[in-house]
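What follows is a short report on a single structure.
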Amino acid sequence: MSDIKRIESGSRVSHAVIHNGVVYVGGVLSTGTSVREQTKNVLQGIDATLQRAGTDKSKLLSATVWLTDIATFDEMNSVWDAWVSPGNPPARACIEAKLLKPGHRVEIAVIAAV
Amino acid sequence: MAEVERIGAGPHLSHVAIHAGVVHVSGVVSPGSSVREQTQNVLAGIDELLRGAGSDKARILMATVWLTDMRHYQEMDGAWEAWLPAGNAPARACIEAKLSLLDFSVAIAVTAAQ
């Protein structure tokens with residue numbers, strides 16, 4: 001059995017959990033005045049966590065994107081497309097959902113190879 | 001590090017990402033005149049993606065089902081059960097959510113062993 005390594009582990013959640021060459025990054029939220037800005041910040045946060053896990057966005061396997069308003073899909077996507085490693089996008093699902101606080105408009109969780 | 005293989009990589013997502021013997025499939029939607037028909041078409045699409053990845057529906061580990069209206073649960077579930085090979089049901093979660101493509105009532109994402 002391979003070990004489990006946790007990154008920024010708190011009493012309730014870890015920012016990321018690594019097992020068997022795969023890192024699971026918990027849903028990342030951000031402040032920001034627009035979906036564009038929040039998406040940019042969220043993706044920067046994911047970059048930082050992936051780096052700490054010893055990997056990067058070119059190794060993404062799967063992503064789940066939650067938007068509080070599905071009408072902002074294109075706005076999120078424009079930032080996402082500019083960010084994603086060309087030729088290396090993950091499998092993805094995008095859904096509308098309520099998020100933690102009223103100001104939050106986008107949340108993204110990812111799984112990546114380490 | 002195990003390689004990441006991608007199938008159907010576009011600007012936003014890959015239909016499938018494969019790593020370390022695990023197949024990650026994007027959320028799949030499909031047209032159809034009813035939730036039952038949409039579900040059948042989504043599952044046929046998942047069959048095809050899994051086949052392309054060297055896996056099949058008997059090897060699904062986890063599935064997430066999103067319905068735009070939870071009242072359609074039984075209809076989706078009937079098509080799901082008819083599709084699944086007996087004795088090979090994956091872990092599954094089903095949630096009500098708005099989808100990014102407004103014409104669709106059901107989306108399903110799966111993770112499978114190769």
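Since every read-out is calculated from the coordinates, none of them should be taken as a lab result. Remember, predicted model here, so these are calculated numbers, not experimental data. Please note: Cβ atoms are built from the backbone with ideal geometry, for glycine as well, and neighbour counts cover all protein chains shown.
Magnitude of the charge dipole for the range B:4-113, about its Cα centre and with charges confined to Cβ atoms of Lys, Arg (+1) and Asp, Glu (-1), is about 240 debye.
So if I take the centroid of the Cα atoms in the range A:1-19 and the same for the range B:5-40, what is the distance between those two points in Å? Distance between centres, Cα-based: 28 Å.
The helix-based estimate of mean residue ellipticity at 222 nm for the protein assembly as shown, built from -39,500 (n - 2.57) per DSSP H run of four or more residues and divided by its residue count, is -8500 deg cm²/dmol to the nearest 500.
Starting from the eigenvalues of the Cα gyration tensor, five times each then square-rooted, give me the equivalent ellipsoid semi-axes of chain B, largest first, whole Å. Provide the component values of the computation, followed by the final result.
Values: eigenvalues 108, 54, 26 Å².
One finds semi-axes of 23, 16, 11 Å for chain B.
Between A:Ala71 and A:Lys98, the contour length at 0.36 nm per residue exceeds the Cα-Cα span by 8.3 nm. Against the main long axis of the alpha-carbon atoms of chain A, helix A:73-83 sits at an angle near 50°.
Normalised by the number of residues in chain B, the average gap of Cα pairs under 8 Å and 6 or more apart makes the relative contact order 34 percent. Candidates A:Thr72, A:Thr31, A:Ala53 compared by Cα position along the dipole of the range A:27-113: farthest toward the positive end lies A:Ala53, with charges placed on Cβ. Only the Cβ atoms of Lys and Arg (+1) and of Asp and Glu (-1) were treated as charged; on that basis the dipole of the range A:27-113 about its Cα centre amounts to roughly 240 debye. Quick check for you: which residues of the range A:52-87 have the amide N under 12 Å from the point 7 Å beyond the Cα of A:Ser14 toward its beta carbon? Residues A:53 fall inside that zone. Using Cβ point charges alone (K and R +1, D and E -1), the dipole size of the protein assembly as shown about the Cα centre works out to roughly 580 debye.
One way to sum up the overall shape of the protein assembly as shown is the equivalent ellipsoid from its Cα gyration tensor, whose semi-axes run 27, 22, 16 Å, largest first. Extension gain for A:Arg36-A:Arg6 works out to 7.8 nm (0.36 nm per residue, less the C-alpha to C-alpha distance).
Do the alpha carbons of any pairs in A:Lys59/A:Lys101; A:Lys5/A:Lys57; A:Lys40/A:Lys101; A:Lys59/B:Lys98; A:Lys40/B:Lys98 sit beyond 25 Å of each other, and which pairs? Pairs exceeding 25 Å: A:Lys59/A:Lys101; A:Lys59/B:Lys98. Label zone of A:Ala82 (point 7 Å out along Cα→Cβ, amide N under 12 Å): in the range A:32-49 this covers A:36-41.
Projected label points at B:Asp47 and B:Ser33, each 7 Å from Cα along the beta carbon direction, are separated by 2.0 nanometres. Measuring spread by the Cα atoms of the range A:27-113 yields a radius of gyration and Dmax of 12.0, 35 Å.
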